[in-house]
There are 2 protein chains.
Amino acid sequence: MKIPKSNFSEWYNEVLEACDIIDIRYPVKGMPVYRPWGFGIMKRCFEQLERLLDESGHEQAYFPILVPDDQFGKEAEHIKGFGDDVLWVTHGGNELLERKLAMRPTSETIMYPMFSLWIRSHADLPLRVHQTVCVYRHETKATKPLMRGREVYWNEAHTVHATEEDCEMQIGEAVRIYKKFFELLGIPAMILKRPAHDTFPGANYSIAFDLLMPDGKTLQAGTVHNLGSKFSKVYDITYTDAHGAKHDVHQTCYGISMRCLASVIAVHGDDKGLVLPSLVAPVQAVIVPILFGDAKEALLTKCKSLADVLDSQGIRARVDARELRPGEKYYYWEARGVPMHIELGPRELAAKKLVLVTRDGEKRTVDEEKAVEEARAMLAAQDARLLERARKHLQEGQHTADSLKKLAETITKKGGFVKIGWCGEEKCAEKVEKEGCADIMGTEHGKLESLKCVACGKAGDAVWAAKAY
Amino acid sequence: MKIPKSNFSEWYNEVLEACDIIDIRYPVKGMPVYRPWGFGIMKRCFEQLERLLDESGHEQAYFPILVPDDQFGKEAEHIKGFGDDVLWVTHGGNELLERKLAMRPTSETIMYPMFSLWIRSHADLPLRVHQTVCVYRHETKATKPLMRGREVYWNEAHTVHATEEDCEMQIGEAVRIYKKFFELLGIPAMILKRPAHDTFPGANYSIAFDLLMPDGKTLQAGTVHNLGSKFSKVYDITYTDAHGAKHDVHQTCYGISMRCLASVIAVHGDDKGLVLPSLVAPVQAVIVPILFGDAKEALLTKCKSLADVLDSQGIRARVDARELRPGEKYYYWEARGVPMHIELGPRELAAKKLVLVTRDGEKRTVDEEKAVEEARAMLAAQDARLLERARKHLQEGQHTADSLKKLAETITKKGGFVKIGWCGEEKCAEKVEKEGCADIMGTEHGKLESLKCVACGKAGDAVWAAKAY
């Protein structure tokens, strides 16, 4: 890597290219190609998320990509929020379609008419489905790879409940799942309830997972929405209770996009390139034979059998037998964030030893037969260090300000999350934006604290402000 | 199930709905909703395919869905083959796009310009990538769920090679992978080299995997194409050899769609509903407590711990603790094709026994501590029986005919694959279609046999004719 991480923006672009994450040269703006290494990391992120969702009662499904214009436009707030960003399919071959079809910018308008058909009685509830798909937004703002684009790879979950209380409980469950997910990636999040003016179009309220980037800006990497009965009324999703009475259902939806890949890269990476948590690394341990003298063949055989042993025990291993010097191989795999490399030369072969080296530099010479257990322990310890380091970074990125001037100073000098008081008025939020150089990201989930508004001095609540990507 | 499988077409539609595979009521023609049970089966099919591809040196990637019209239209045969079926995106919001964008009907025109950037020298070859995505075709013919639709869920692999020989070897490798894949699903295939007039647009030749459906019609469920250097010339994919000379690359591509799900349903299902090979069953063993008397709580606890044991040993198990009679539960899970149910009542609890019953009716009372090993063996034996039964069905569906009249008779009375002679002339193929009521599906992969043309009597090759979906 040529660029140090302290120059985050350029470092990020270099890593995306040099570490085989994506190729941004594809000729449609905001639609990069995911190269195998980048896709392999992202796929494993989503596999973890899907597992957590499945384990907590969600079922994976697949809904169509296209939605007829009349069906898309039913919920007024929702269409206001998404209408300008929609990509429209108008022709099949040379023929004009009878109805124009929207490429899903999100799937409420696609799923909910089906929910209306599926849900009849209380026994059909709760309904919890999710899907991992791409959604499409004709972004007019500048795009940023894996952060803001026109093709958004994501997982979206949608749930339906009989009562407001069940719906509220599901919100709590979703927050727990997402918190767990980001922790598996070694990333702590600020969980913030967005102010009304920044709520998902059509929702009662929205909770966001905001992550701290190395440059002090924040990244919204997941959102959880309580939709109440707004969509239920529009798409006629009702159930009949035991007494034959009809009721509106209550709904939630939540999503996490390819920004989780951007986050893994941004939060953990260093001057040498990527640093991957072991759960999402396509290769967890790369075995590098130190080839010299006569031992070449015996060494390679040993390396391969070691890889088989590790693989069979659930550690994804690969032998790098290329005709390169070991140093070049270490450099190559370090840049790609592989959590561990294993050195095996004639000396180790003779002594039945191995040298295990984690991506963050822990080095141990271990007995060959203890390879699996030692590798597992070292990977787990490194994963814990990654999370700890990210936690510390987030803590150090939390500040407070009791005036707009101080807020502006903190944001411009340090960035991060700044706790301020806010009365809840939109015009004060505008002042915060103009004079404080920050957006109000919301109140901390589960924590309420009174604090005078930094803009007008009236009574208010503690909220976190930040400059977001 | 109300409809017997002997009435295949109606049985198929009933199964799709009654067994929670898809919902065809979504208001865009040819775009069904995949319900969780159906999606769960299909996802596991593609996981197996992806594993086979990864193990043989392919790498999974993700390429964008949209392709600009000028890039799409470069290869003349290809555009002729796909142009009329393309869905076009023309607007973003209310704004007309500068260039219209095609939704991929397949990804050659999207991937190959990138390959042109990626491939420089011999060292970059072979390149083997694959992706599991949806492709889009504005079908004007009647659509049939999971067989012909506008949103095609599939895996497509694309490979690039230095020489014609390497390319040819990759075709062999692709055929081996696909053969293995269908065998894992318990489905034998006819592997047929399509005649020139039925070759993929832009390919030198195409090999198809044709399956025999219960009604005697055949289903093309996978295709492998040798593209030679046709696309290489158009998209300028070249490499420089050790002497500095530039060469065109040689390419292959191959794909398998959601028709693999249709095939699993059609080939294995019976009058009771689905029958799933254990590899792709979302639930492999459902545990049904026989609840009566005082043992209820102890029984449920036992069922749950049994499910945990099975799960930990790689057998996907679920307890059905619903308030229904056991018979209703067996009926429910049989219809959904679960490979095994396990009965556990007070008598079994007391004797530390379990009753294992496979979907095809093998029943064994086994010691509790042998549950895992017995279940595994019974599932494997049932999978083998499914493949054997399907093989027998395919063998019995193979006929020969030495005249157009006999061909027509065989096709209309029995269906299946009929071996005939064909001289290779397209006008004879048209005669076969009109008078023989069948299409020429091609020569058997790896088998050449001389046989006089059934239409003109001239020298020819043995080919298989059939009526295809």
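The values are calculated or read from the model by the stated rules, or taken from the named source; none is laboratory data. All of these numbers come straight from a predicted model, not from anything done at the bench. Here the Cβ positions follow ideal geometry from the backbone for every residue, glycine too, while neighbour counts run over all protein chains shown.
Scanning the stretch A:7-49 for residues that are among the hydrophobic types (A, V, I, L, M, F, W, C), outside any loop (DSSP other than H, G, I, E, B), over 11 Å from residue B:62 (Cβ atoms) and under 20 Å from the mean Cα position of the chain (by Cα) returns A:8, A:11, A:15, A:16, A:37, A:41, A:45, A:46, A:49.
Yes/no per residue for (1) more than 8 Å from every other protein chain (Cβ to nearest Cβ); (2) part of a loop (DSSP other than H, G, I, E, B); (3) under 23 Å from the mean Cα position of the chain (by Cα):
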| residue | (1), (2), (3) |
| --- | --- |
| B:81 | yes, no, yes |
| B:90 | no, no, no |
| B:96 | yes, no, no |
| B:99 | yes, no, no |
| B:133 | yes, no, yes |
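Evaluation of residue B:123 against the conditions (1) more than 20 Å from residue B:66 (Cα to Cα); (2) under 23 Å from the mean Cα position of the chain (by Cα); (3) not in a strand (DSSP E or B) shows that the sole unmet condition is (2). Taken over the stretch B:101-120, the criterion of being more than 17 Å from the chain's Cα centre (by Cα) and either surrounded by fewer than 19 Cβ atoms within 10 Å (Cβ to Cβ) or part of a loop (DSSP other than H, G, I, E, B) (or both) is satisfied by B:104, B:105, B:107, B:116, B:117, B:118, B:119, B:120. Tell me yes or no: at least one residue of the stretch A:306-327 is of a type in the set (Lys, Arg), surrounded by fewer than 20 Cβ atoms within 10 Å (Cβ to Cβ) and either on the phi > 0 side of the Ramachandran plot or in a helix (DSSP H, G or I) (or both). Checked against the condition, which is being of a type in the set (Lys, Arg), surrounded by fewer than 20 Cβ atoms within 10 Å (Cβ to Cβ) and either on the phi > 0 side of the Ramachandran plot or in a helix (DSSP H, G or I) (or both), the stretch A:306-327 yields no hits at all. The numbered conditions (1) in a helix (DSSP H, G or I); (2) surrounded by fewer than 22 Cβ atoms within 10 Å (Cβ to Cβ); (3) within 11 Å of chain A (Cβ to nearest Cβ) are all true for residue B:165 except (3). Reported count of residues in the stretch A:220-240, each being buried (at least 22 other Cβ atoms within 10 Å of the Cβ), outside any loop (DSSP other than H, G, I, E, B) and among the aliphatic types (A, V, I, L, M), is 3.
Annotation note: Cβ proximity below 6 Å between a residue of the stretch B:50-67 that is over 11 Å from residue A:134 (Cβ atoms) and within 9 Å of another protein chain (Cβ to nearest Cβ) and a residue that is part of a helix (DSSP H, G or I) and of a type in the set (S, T, N, Q) (sequence gap 6+ or interchain) occurs for B:67/B:109.
Checking B:402, B:383 one by one, the residue that is among the acidic types (Asp, Glu) and in a loop (DSSP other than H, G, I, E, B) is B:402 and no other. Candidates are the residues of the stretch B:51-80 that are surrounded by 18 or more Cβ atoms within 10 Å (Cβ to Cβ) and touching a Ser or Thr at 6+ places or on another chain (Cβ under 8 Å); the one that is farthest from residue A:92 (Cα to Cα) is B:58.
Yes or no, residue by residue, for (1) touching a Phe, Trp or Tyr at 6+ places or on another chain (Cβ under 8 Å); (2) of a type outside the set (A, V, I, L, M):
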residue: A:375; (1), (2): no, no
residue: A:387; (1), (2): no, no
residue: A:427; (1), (2): no, yes
residue: A:433; (1), (2): no, yes
residue: A:440; (1), (2): yes, no
residue: A:450; (1), (2): no, yes
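Of all residues in the stretch A:274-290, how many are aliphatic (A, V, I, L, M), over 10 Å from residue A:340 (Cβ atoms) and within 17 Å of the chain's Cα centre (by Cα)? Qualifying residue count for the region: 5. Whenever a residue of the stretch B:206-223 is among the aromatic types (Phe, Trp, Tyr), its partners that are part of a strand (DSSP E or B), lying with C-beta atoms within less than 7 angstrom and at least six residues away or across chains, give the pairs B:209/B:191; B:209/B:221; B:209/B:222. Screening residue A:202 on (1) under 30 Å from residue A:113 (Cα atoms); (2) free of Cβ contacts under 8 Å to residues at least 24 places away in the same chain shows it passes everything except condition (2). Say we look at the stretch A:135-155 and pick out the residues that are within 17 Å of the chain's Cα centre (by Cα) and more than 14 Å from every other protein chain (Cβ to nearest Cβ); which of these is surrounded by the most Cβ atoms within 10 Å (Cβ to Cβ)? It comes out as A:147.
Scanning the stretch A:437-464 for residues that are part of a loop (DSSP other than H, G, I, E, B), aliphatic (A, V, I, L, M) and at pLDDT 95 or above yields A:438, A:451, A:454, A:455, A:459. Here residue A:85 meets each of (1) facing another protein chain (nearest Cβ under 10 Å); (2) buried (at least 21 other Cβ atoms within 10 Å of the Cβ) with one exception, condition (2). Based on this model, can you work out whether residue B:15 counts as of a type in the set (A, V, I, L, M, F, W, C), buried (at least 18 other Cβ atoms within 10 Å of the Cβ), within 30 Å of residue B:182 (Cβ to Cβ) and facing chain A (nearest Cβ under 7 Å)? Spelling it out, it is not the case that residue B:15 is of a type in the set (A, V, I, L, M, F, W, C), buried (at least 18 other Cβ atoms within 10 Å of the Cβ), within 30 Å of residue B:182 (Cβ to Cβ) and facing chain A (nearest Cβ under 7 Å).
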